[in-house]
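Trainee: Take this structure, written in structure tokens, and hold onto it; I'll ask about it next.
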Amino acid sequence: MLAEVPSATVVGVDGHRVAVEVHVTRGLPCFSVVGLPDVSCREARDRVRAALVSSGFEWPMQRITVNLAPGGVPKTGSGLDLPIAVGVLVASEQLKPEVLADRAFVGELGLDGSIRPVSGTVPLVDVLRSHEVVVPAAARHEAAWAGECRLRPIASLSSLAGALRGEHDWPSFGSDPGPAAPIPTPPDLADVRGQPTARLALEVAAAGAHHLLMIGPPGAGKTMLARRLPGLLPPLGPVERLEVAKVHSAAGLGIPAGGGSSPPFRAPHHGASMVSLVGGGSAHVRPGEVSLAHRGVLFLDEMGEFPARVLDALRQPLEEGAIRVSRARASVEFPAQVLLVGATNPCPCGGATGSSGCRCSTHARSRYLRRLSGPLLDRFDLRILVDRPPAESVLGGEAEESTESVAARVAAARRRAAERGVVANRDLGDKGLDEHAPLDAAARRLVVDALADGRLSARGARRVRAVALTLADLVGDEPPLTLDHLASALALRVELASMVEASA
Amino acid sequence: MSADGRCGVDDPPEVAWLLCLASLPRMGPRRLDGLVAGRDPASVWSDIVAGARRVDAEVIRRCGAEWTAVRTGWVTAAQGVDPASVWEAHRGRAVLDRTGAGFPARLVDDPEPPAFLVVEGTLPEHEPVVSIVGTRRCTGYGRDVARSLGRDLAEAGVVVASGLALGIDAAAHTGALEVDGAPPLGVVATGLDLVYPARNRHLWEQVAARGALMSEHPLGTAPTRWRFPARNRILAGMADAVVVVESHAGGGSMHTVASALDRDVPVLTIPGPVTSPASAGTNRLLVDGAVPVRDIDDVLTVLGLSGRRRSASMAADPARVEVPEAGLVVLGALDATPTTVDTVALRTGRPLRALHAELVELERRGLAAQEAGWWRVSPLGQLAAAVESPS
């Protein structure tokens, strides 16, 4: 007898529907799984048999064939255990075929018949949203992130069978708010004393989605500043929230801390491998840190210490907002729309304040900065110096502006960008800049002078213009852009090349 | 060899053997001098090829425990050298023998003269020479000063000599090349065919084209640590005065200073901020009695040339400078040592975005200078601030 059970598997960060077909017929007792299962999927045979037997069901001593359709999509993970078990029960007539109507199943089985959570619950439930989805009880909070879905959380195979047969009601897990994940208080900008340039740069970065590079000695507060950036970004909308939840769920990390509506913040260490940063892996292609920071902030501390190869791999995702990871068996695309924040020391000793306090040789210094230079550096519209704040400003009495009031200006600036048809000013192309960011005479002269001095490249001039437009948006100025806007935009773009030359 | 010292087609002259000897490993000017003292370089060379058995006892004594290793190195290297091809490689370059024509008169009487010089370009003969030396890790202030000093001295007909290193050396020659004045002189510590540091190639070529380059090493000599202090003695020996622009305490410029003092060459220095490590060495020299330099006139006075030129000082005429009203406060908050915009904002209390525009305006008028986000007042700005200040 044949049974077909709807389920799904994760490819990259997206769910793909899988029809689990179970055929039970006479013949020598045998249990085979076909249809591109991976190792953990093939192991399902042993788990399913043990789980059925320990839950008091009968194992059919017949020929059992399981086909995972469509045959072309590689199936990964143990989430297909439950649909296979349900399929065997229906095909061996221990459950009625009606129980499969409009119902999909996702879950891993324990040998004792318990149903365990699997990674990727959010994308799995998302793709099955037209059905009532039976999910592991322990994954019910994660599954709820998929939005409006009919969920049937269940903890064990025997209670599932009881509910399906109508012997008892579906177990209720109430509407408890989930494991009381302590929502960390996001760090507030009001805690930052002094550092007016860095504050302005954060505000501009948040408003225009401009990538930011901070250059400064250890202890200047670069990490502290970067952590305050997610709080300035507009909160995630429902669509974005689902995207973020899918990536985190597919990576097996559950739901990002902070309740999921605040933009994620990821700060991988510079020892991170290429695969952990951009995603990949041979058996199960997992999203990397860049994708985990999707719709949020990717912070690379000590950027000069990252291997050049790893930094180079970031260029494509920064340009396209997505990463395509190709492996022999599959090619998947991960989302990667990040706001990149880099931090670096000015030189190996970190002591270069001005051009005098550094103990490094010229050669060491230029080599250090050269590691950052090139195409990746080009992506940073904002490059600022962050120095240790002077003592008087650290102890200064007046409270600084809070995250809340800065975020309000950022939101207003984003609205103006939306009127131009882009999410943020970073996305404005040449044509958009010409249309929305005209320069007045004085501003034009400043740019022309900087171009003539060689302080700006042609590309740099365009980026400065985009930043100047964001600066204007933040204070509500209408175009044309004036000298003030351009002067600030230039001041927020320190030329690293001249830091090398400074010692030549 | 012809009278002008240029290599000819005839048999290798005496200086060719010196070139061969100097190309041996661990051969410094002092050892070379000891080897050929009172002897014919050709016979010294054939002795070394044969196993270095008749080497001057004084040389062996000074080598001490190293002698065995030094000798083995010499003999092995010498056996692989073909003197004719060494000579051939120098064809077309001026190789000046200490006893021959064209050798700089100032170095003939030097306590440690080079045995020979390889020269490109034309050496200065009668012009006064000032060596400008200083740290490679200089500040913007040091670079500005070295550059204007180099420019003004060249304009006043004084040959600017330097080592073509990064930092102060490069700045001094850059300045000297900006005007159509006295030809620059570069004294380098490698063979003339090896540009070191490579980043200064353009400057190196400019100096060779408009003035002269000299080296006491045969072509092909790579940069080695000890050659730089040794080179500095030639910089001191060639000079009528040595100006140290910026030097860290114990920096390499102190070798030049010591050599200058040995040769009774006056040492002048540029005073720097007491807080700047790059000026620690020069300020120390001031305490020890070096002559402070405020502008080129101080240098010309030491050279006995004070009448030659009334300089307009290192800055321009303050009377011509206009400071915008709003910029005056900002100008007052800038130092000669670079500061960040944040510090300026704190000092002036001005909002950051207004400050950006004011700084740009000051920079445009040449009153302030910016380098990689670090702002400082320019020499012109300092004058302007002094003139405009209400006190």
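Trainee: Somewhere in region B:196-213, is a residue among the acidic types (D, E) and either under 30 Å from B:T339 (Cβ atoms) or touching a His at 6+ places or on another chain (Cβ under 6 Å) (or both)?
Mentor: No.
Trainee: Taking the conditions exactly as written (β-branched (V, I, T), surrounded by fewer than 18 Cβ atoms within 10 Å (Cβ to Cβ) and either out of contact with any Cys (no Cβ under 8 Å at 6 or more places or on another chain) or at negative phi (or both)), does B:I60 satisfy them or not? Give the steps one after another, and end with the answer.
Mentor: Working: β-branched (V, I, T): yes; surrounded by fewer than 18 Cβ atoms within 10 Å (Cβ to Cβ): yes; either out of contact with any Cys (no Cβ under 8 Å at 6 or more places or on another chain) or at negative phi (or both): yes.
Yes.
Trainee: Just to check your reading of the model, which residue among A:S119, A:S159, A:S130 is part of a loop (DSSP other than H, G, I, E, B), away from chain B (no Cβ under 14 Å) and either at pLDDT below 85 or over 30 Å from A:E319 (Cβ atoms) (or both)? Give the derivation first.
Mentor: Numbers: A:S119 fails: either at pLDDT below 85 or over 30 Å from A:E319 (Cβ atoms) (or both); A:S159 fails: part of a loop (DSSP other than H, G, I, E, B).
Just a single option satisfies the conditions, and that option is A:S130.
Trainee: Could you list all residues from region A:186-216 that are of a type in the set (G, A, S) and assigned to a helix (DSSP H, G or I)?
Mentor: First pass over region A:186-216, keeping only residues of a type in the set (G, A, S): A:190, A:194, A:198, A:201, A:205-209, A:216.
Result: A:A190, A:A198, A:A201, A:A205, A:A206, A:A207, A:G208.
Trainee: Could you check, for region B:374-390, whether at least one of its residues is polar (S, T, N, Q) and within 22 Å of A:A220 (Cα to Cα)? Even if it seems obvious, please write down each step before you answer.
Mentor: First pass over region B:374-390, keeping only residues polar (S, T, N, Q): B:378, B:382, B:389.
Adding the requirement that they be within 22 Å of A:A220 (Cα to Cα) leaves none.
No, that holds for no residue.
Trainee: Now for a different question. If A:G396 satisfies all but one of (1) surrounded by 20 or more Cβ atoms within 10 Å (Cβ to Cβ); (2) at pLDDT below 85; (3) over 30 Å from B:A280 (Cβ atoms); (4) within 12 Å of chain B (Cβ to nearest Cβ), what's the number of the condition it fails?
Mentor: (1) is the only condition that A:G396 fails.
Trainee: Is at least one residue of region A:427-438 out of contact with any strand residue (DSSP E or B) (no Cβ under 8 Å at 6 or more places or on another chain) and either within 14 Å of chain B (Cβ to nearest Cβ) or among the β-branched types (V, I, T) (or both)? Give the steps one after another, and end with the answer.
Mentor: Step one: list which residues in region A:427-438 are out of contact with any strand residue (DSSP E or B) (no Cβ under 8 Å at 6 or more places or on another chain), which gives A:427-436.
Next, from what is left, pick out any that are either within 14 Å of chain B (Cβ to nearest Cβ) or among the β-branched types (V, I, T) (or both): none.
No; the residues of region A:427-438 include none that is out of contact with any strand residue (DSSP E or B) (no Cβ under 8 Å at 6 or more places or on another chain) and either within 14 Å of chain B (Cβ to nearest Cβ) or among the β-branched types (V, I, T) (or both).
Trainee: Give me a count of the residues in region A:42-58 that are crowded, with 16+ Cβ neighbours inside 10 Å, free of Cβ contacts under 8 Å to residues at least 60 places away in the same chain and farther than 22 Å from A:T121 by Cα.
Mentor: Residues flagged as crowded, with 16+ Cβ neighbours inside 10 Å, free of Cβ contacts under 8 Å to residues at least 60 places away in the same chain and farther than 22 Å from A:T121 by Cα within region A:42-58 amount to 2.
Trainee: Step by step: first the residues of region B:347-375, then only those that are modelled with pLDDT under 85 and facing chain A (nearest Cβ under 9 Å), then the one that is farthest from A:M214 (Cα to Cα). Which residue is that?
Mentor: Applying the filter and picking the extreme gives B:R364.
Trainee: While we're here: Tell me whether region A:474-481 contains one or more residues that are within 12 Å of another protein chain (Cβ to nearest Cβ) and assigned to a loop (DSSP other than H, G, I, E, B).
Mentor: Looking for residues that are within 12 Å of another protein chain (Cβ to nearest Cβ) and assigned to a loop (DSSP other than H, G, I, E, B), one finds at least one in region A:474-481, hence yes.
Trainee: Given (1) in contact (Cβ under 8 Å) with a residue 60 or more places away in the chain; (2) more than 14 Å from chain A (Cβ to nearest Cβ); (3) crowded, with 20+ Cβ neighbours inside 10 Å; (4) of a type outside the set (A, V, I, L, M), where does B:Y141 come up short, assuming only one miss?
Mentor: (2)
Trainee: Please go through region B:164-213 and pick out each residue that is hydroxyl-bearing (S, T, Y) and in a helix (DSSP H, G or I). Steps first, answer last, please.
Mentor: Of region B:164-213, the ones hydroxyl-bearing (S, T, Y) are B:174, B:190, B:196.
Within region B:164-213, just B:T174 meets the criteria.
Trainee: Moving on to the next point. Write out, first by first residue and then by second, each pair whose Cβ atoms fall under 6 Å of each other, whose residues are 6+ apart or on separate chains, and whose first residue, in region B:13-34, is in contact (Cβ under 8 Å) with a residue 24 or more places away in the chain while the second is of a type in the set (D, E, K, R) and in a helix (DSSP H, G or I).
Mentor: If the second residue must be of a type in the set (D, E, K, R) and in a helix (DSSP H, G or I), the pairs left are B:G34/B:E58.
Trainee: Any idea how many residues of region B:92-112 are in contact (Cβ under 8 Å) with a residue 60 or more places away in the chain and more than 13 Å from B:T122 (Cα to Cα)?
Mentor: Selection size over region B:92-112: 9.
Trainee: Can you run down the residue pairs with Cβ atoms below 9 Å, 6 or more apart or on separate chains, where the first is in region A:403-421 and in a loop (DSSP other than H, G, I, E, B) and the partner is small (G, A, S)?
Mentor: A:R420/A:G432; A:G421/A:G432
Trainee: Here's a follow-up. Taking the criterion of being at pLDDT below 85 and closer than 24 Å to A:A139 by Cβ, would at least one residue in region A:239-253 satisfy it? It would help to see each step written out before you state the result.
Mentor: Initially, region A:239-253 is screened for residues at pLDDT below 85, giving A:252-253.
From what's left, closer than 24 Å to A:A139 by Cβ: A:252-253.
Yes: one or more hits.
Trainee: Let me ask you something else. Within region A:281-291, identify whether any single residue is under 25 Å from A:L213 (Cβ atoms) and assigned to a loop (DSSP other than H, G, I, E, B), and answer yes or no. Talk me through it step by step, then tell me what you get.
Mentor: Filtering region A:281-291 down to residues under 25 Å from A:L213 (Cβ atoms) leaves A:287-291.
Applying the additional criterion that residues be assigned to a loop (DSSP other than H, G, I, E, B) yields A:287-288.
Taking every residue of region A:281-291 in turn, at least one turns out to be under 25 Å from A:L213 (Cβ atoms) and assigned to a loop (DSSP other than H, G, I, E, B).
The values are calculated or read from the model by the stated rules, or taken from the named source; none is laboratory data. Treat the numbers as computed from the prediction; the structure is a model and nothing was measured. FYI the Cβ positions are ideal-geometry reconstructions off the backbone, even for glycines, and counts take in every protein chain you see.
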